[in-house]
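What follows is one structure encoded as structure tokens, with my remarks underneath.
The values are calculated or read from the model by the stated rules, or taken from the named source; none is laboratory data. Since the structure is predicted, the reported quantities are computational estimates derived from the model, not experimental observations. Here Cβ is always computed from backbone atoms with ideal geometry, including for glycine, and neighbour counts include all displayed protein chains. Heavy atoms of the whole protein, side chains included, go into the accessibility calculation; ligands, DNA and RNA do not. Shrake-Rupley method; radii C 1.70, N 1.55, O 1.52, S 1.80 Å.
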Amino acid sequence: MAGRKQHHVPQSLQRGFLCDVKTEKTYVHRRDGSSFPASISDVAAQRYFYSRLSRDGSKTLDDLITNYENRLGGLLINLRAVSIDGAVNAGVAAEVIAHLTPRSAHMRRSFSSVMEKFVKAATEAFSDEDTVVQMSGLAEPEPNQIWNEHIASVLDKELHLKTLLELLSIPKSLLDRMIFMAAKEHVVGSFDAKTWGVTDAFTSVLDRLHDLVRDGHNKALGQALIAEPRKTSLEALEWHIRAAPPEGAILPDCVALGADEEGGPFLPYMMTTMATVSAVVMPITSEKLLVGVRPGRDAPDLANFNCDAAACSDELFITASQSPFFAQLGAKMGQRWRTKIDAVVQAALKDVLPNKRLSDESGSDRPTLPPVSYQLTFTNLGTEEEVRPISEMTQRLLEHVRPLFDLERLDGITFAADHQGALNDLERSFDIDTTPEGVPDYIAQGAATALVLRDGVAKVRIVMHAAYGQSLIADEQEHAEMALHFLVAGLVQACTLSQIEKALPSFLLEPVLMTDHDGVLHCAVRKAVRAYRYARDSAQFGADAMVQQEFSKYLINSFDNASVTIANAKEEHADSPDYPKLFETAHGAASEMLISTARLLGHRHGTSRLDFSTSESDVRATLAARQLTSWIEVFSKDLQRFWQKETWTRTDFYALNIHVERVLWANGIVLWREPNGHGTMIMAAPSQLAPQP
């Protein structure tokens, strides 16, 4: 008869493990190490475990289970009557196990444990900025498939966005990019799980988890007291009664054990894969084990059954004797199934959550590099004897840093009294007017690199002012460090060129037509991408404070100059519209802003300062005045992720074009692809618009 005390391991099963038949007592062993005799009326039972008493006379879940136990008792009697090594009807064995194992408290607690671990892990993951960014598609530089499917598709239904498009006369693709960047800036660098309610939401789930699992468990049992899929799987096994270990078998609170692989470890049966389980064991008395084996598989080794059963138990197991051996097994309780649950949770999280571990090229083994051949030139620095100390020092320094960088693409190093003149006179061997590589990369005042073509191979030439050469051999350490710092930055450019050429041969020297929207915008960001890399990799070579101060000044000046230059160009354009001129001015200003920003970011990252929040106040004020404080954090992350890739496609480069657009939005300039593919549209707010030829 149903009542308040409801057994999740029925008394009919426990009667096979009595230490006192008259009083119906068994020995209970708990996880805390305690061991004591108890009446089976009190063992494996909880108040209202399945359901409360009905007030209207309707059947409760406990009523249904109690009624079924009349049949269950008869099935158990039949099983116990089979002699050791005798065959058992598969249907009977399958029905008993398919009923007892799903209804147990062990099943409920193990499921609760899985859910709790998963929710806690998810709480931690979703409280992590990188995870949220990746799962929402914000890890990519521009709108992408994840963003479009999960976020943009929802925004498409917003009517006020359609109204906004009509008012601004801009394409939806541009608005999508603006919204995407706004979302990135809102998340990256200012992510706060508590403010967003992430922590509270998961905490609320944890608080209700016990009730949720209980209700779900009871609902499933109410729909089927016998797990039919499990029963079908169990019926495919060959069943026998086997002898229990000499000390007598224990009854774990999970009721039955299973092994997924032949010879594999036993787990609680409900944690095995029902379609492929190799063997199943359920003790039916302290002397007999009900054993099922998949046809064609070897019978399991049962010598250590009690150890396995104890390790698979959660709260308790029961025995028919008080042997000290059983008391020792209590220490193993929970070990097996909790380890399995940890593995399940980790596997689930691996599938559900993005992998945040990105490759780090700095940690990989570098191949042995062939000897480097380069030219060392001195222009208007004196006689050969006078420049020999600089030459020898440069060569020694190069040998020291050589193991760090692939210098196969290094054309040479020039020290010149007239730095700009040396750059102008440098033989480039390609048409410098058809590619942005015609303009050198200016690392700092008096230090630059330029692409050259030698026998059809793109290489890098480092051109430095003579003063840097003198500093390398002078006694002033700070100046020597500054010279070394910029020299290494130039060497990094050669290494970077080699990487890019391996990924996209001839990409940098391709002519760029004005009708190529992506290619033209990329011309404004490509040098910034390289600036980040050379500033990062040279940061450890001294003069940290001086270089940071120098790069900070560049950033402030570039943004100030851009504001003035673009404002003047917009005024001129308003008086006398000249779209190509406006575009050229805005494009050049964007390039300078991005280069100076990337250079400072790279230097800071190279000295392990990965965020910008602690940067000097002047830089922060410059960015804040243009509402770009959050943007620089986004640009920082995008550059980091770009250089963490092992290789790139053209799309990876072009994806960074959105940062060209972003710094121009801050200056009242809007760019987008001309609908017919004839170039780039430009709008200076407020102004008319026209295609850039």
Complete set of residues in the stretch 510-522 that are crowded, with 19+ Cβ neighbours inside 10 Å and touching a Ser or Thr at 6+ places or on another chain (Cβ under 8 Å): His517, Val520, Leu521
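Whether any residue in the stretch 535-555 is of a type in the set (Val, Ile, Thr) and open to solvent by 10 Å² or more (accessible area, probe 1.4 Å) is what I want to check. Spell out how you get there, then give the answer.
Step one: list which residues in the stretch 535-555 are of a type in the set (Val, Ile, Thr), which gives 547.
Now drop any that are not open to solvent by 10 Å² or more (accessible area, probe 1.4 Å), which leaves none.
Within the stretch 535-555 (the criterion being of a type in the set (Val, Ile, Thr) and open to solvent by 10 Å² or more (accessible area, probe 1.4 Å)), the answer is no, since none of the residues qualifies.
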Limited to the stretch 53-70, what total is found for residues that are surrounded by 13 or more Cβ atoms within 10 Å (Cβ to Cβ) and either assigned to a helix (DSSP H, G or I) or touching a Gly at 6+ places or on another chain (Cβ under 8 Å) (or both)? 9
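Quick one: which residue in Glu427, Glu385, Glu399 is assigned to a loop (DSSP other than H, G, I, E, B) and either open to solvent by 80 Å² or more (accessible area, probe 1.4 Å) or in contact with a Phe, Trp or Tyr (Cβ under 6 Å, 6 or more places away or on another chain) (or both)? Let's see the steps before the verdict.
Details: Glu385 fails: assigned to a loop (DSSP other than H, G, I, E, B); Glu399 fails: assigned to a loop (DSSP other than H, G, I, E, B).
Only one candidate qualifies: Glu427.
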Pull up the stretch 572-593, narrow it to residues that are without any contact (Cβ under 8 Å) to a residue 40 or more places away in the chain and farther than 18 Å from Ala666 by Cα, then point me to the one that is most open to solvent (accessible area, probe 1.4 Å). Asp575
Taking the stretch 213-270 and keeping residues of a type in the set (S, T, N, Q) and in contact (Cβ under 8 Å) with a residue 24 or more places away in the chain leaves Asn218, Thr232, Ser233
Unmet requirement for Leu472, which otherwise passes all of (1) closer than 14 Å to Met393 by Cβ; (2) open to solvent by 10 Å² or more (accessible area, probe 1.4 Å); (3) without any contact (Cβ under 8 Å) to a residue 40 or more places away in the chain: (3)
In the stretch 475-507, anything part of a loop (DSSP other than H, G, I, E, B) and open to solvent by less than 40 Å² (accessible area, probe 1.4 Å) is listed as Leu504, Phe507
Only one of (1) in a loop (DSSP other than H, G, I, E, B); (2) among the small types (Gly, Ala, Ser); (3) surrounded by 21 or more Cβ atoms within 10 Å (Cβ to Cβ) is not met by Ala299, so which one is it? (3)
The residue from Leu13, Leu75, Leu79 that alone is open to solvent by less than 20 Å² (accessible area, probe 1.4 Å), without any contact (Cβ under 8 Å) to a residue 60 or more places away in the chain, under 29 Å from Trp239 (Cβ atoms) and of a type outside the set (S, T, N, Q) is Leu75
Could you list, in sequence order, the residues of the stretch 216-261 that are open to solvent by less than 40 Å² (accessible area, probe 1.4 Å) and within 18 Å of Gly330 (Cα to Cα)? Pro245, Gly248, Ala249, Ile250, Leu251, Pro252, Asp253, Cys254, Val255, Ala256, Leu257
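So which residues in the stretch 83-104 are in a helix (DSSP H, G or I), closer than 17 Å to Tyr269 by Cβ and open to solvent by 10 Å² or more (accessible area, probe 1.4 Å)? Show your work before the answer.
Narrowing the stretch 83-104 to residues in a helix (DSSP H, G or I): 90-103.
Now drop any that are not closer than 17 Å to Tyr269 by Cβ, which leaves 90, 92-103.
Across the stretch 83-104, the qualifying residues are Ala90, Val92, Glu95, Pro102.
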Run Val372 past the list (1) touching a Leu at 6+ places or on another chain (Cβ under 8 Å); (2) at pLDDT 80 or above; (3) outside any helix (DSSP H, G or I) and report the number of the one that doesn't hold. (2)
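Quick one: which helices (runs of 4 or more DSSP H) lie wholly within the stretch 619-672 and hold at least 1 residues that are over 24 Å from the mean Cα position of the chain (by Cα) and aliphatic (A, V, I, L, M)?
On the way: elements: 629-644, 650-654, 658-665.
Ranges flagged: 658-665.
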In the stretch 631-653, what count of residues is obtained for those that are in contact with a His (Cβ under 7 Å, 6 or more places away or on another chain) and either on the phi > 0 side of the Ramachandran plot or open to solvent by 40 Å² or more (accessible area, probe 1.4 Å) (or both)? 0
For Glu140: the one exception among (1) part of a loop (DSSP other than H, G, I, E, B); (2) open to solvent by 40 Å² or more (accessible area, probe 1.4 Å); (3) modelled with pLDDT under 70: (3)
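Just to check your reading of the model, which residue among Ala303, Ala244 is over 40 Å from the mean Cα position of the chain (by Cα), more than 23 Å from Ala44 (Cβ to Cβ) and not β-branched (Val, Ile, Thr)?
The match here is Ala303.
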Evaluation of Ala244 against (1) touching a strand residue (DSSP E or B) at 6+ places or on another chain (Cβ under 9 Å); (2) under 27 Å from Thr66 (Cα atoms) (one fails), failing number: (2)
Any residue in the stretch 597-613 that is of a type in the set (Phe, Trp, Tyr), in contact (Cβ under 8 Å) with a residue 60 or more places away in the chain, assigned to a helix (DSSP H, G or I) and farther than 30 Å from Lys502 by Cα? no
Could you check Leu623 against (1) farther than 28 Å from Phe507 by Cβ; (2) open to solvent by 10 Å² or more (accessible area, probe 1.4 Å); (3) at pLDDT 90 or above and say which number it fails? (2)
Residues of the stretch 1-21 being under 11 Å from Leu100 (Cβ atoms) and among the aliphatic types (A, V, I, L, M), which ones? Val9, Leu13
Can you confirm whether Ala569 is touching a Leu at 6+ places or on another chain (Cβ under 7 Å), open to solvent by 10 Å² or more (accessible area, probe 1.4 Å) and hydrophobic (A, V, I, L, M, F, W, C)? yes
Please report, ordered by residue number, the helices (runs of 4 or more DSSP H) entirely within the stretch 182-256 with at least 2 residues that are modelled with pLDDT of 90 or more and within 30 Å of Lys59 (Cα to Cα). 228-235
Give the stretch 16-57 a look and list any residue that's over 52 Å from the mean Cα position of the chain (by Cα) and of a type in the set (Lys, Arg), or say none. Lys22, Lys25, Arg55
Being under 16 Å from Leu497 (Cα atoms), over 41 Å from the mean Cα position of the chain (by Cα) and surrounded by 15 or more Cβ atoms within 10 Å (Cβ to Cβ): is that true of Ile390 here? no
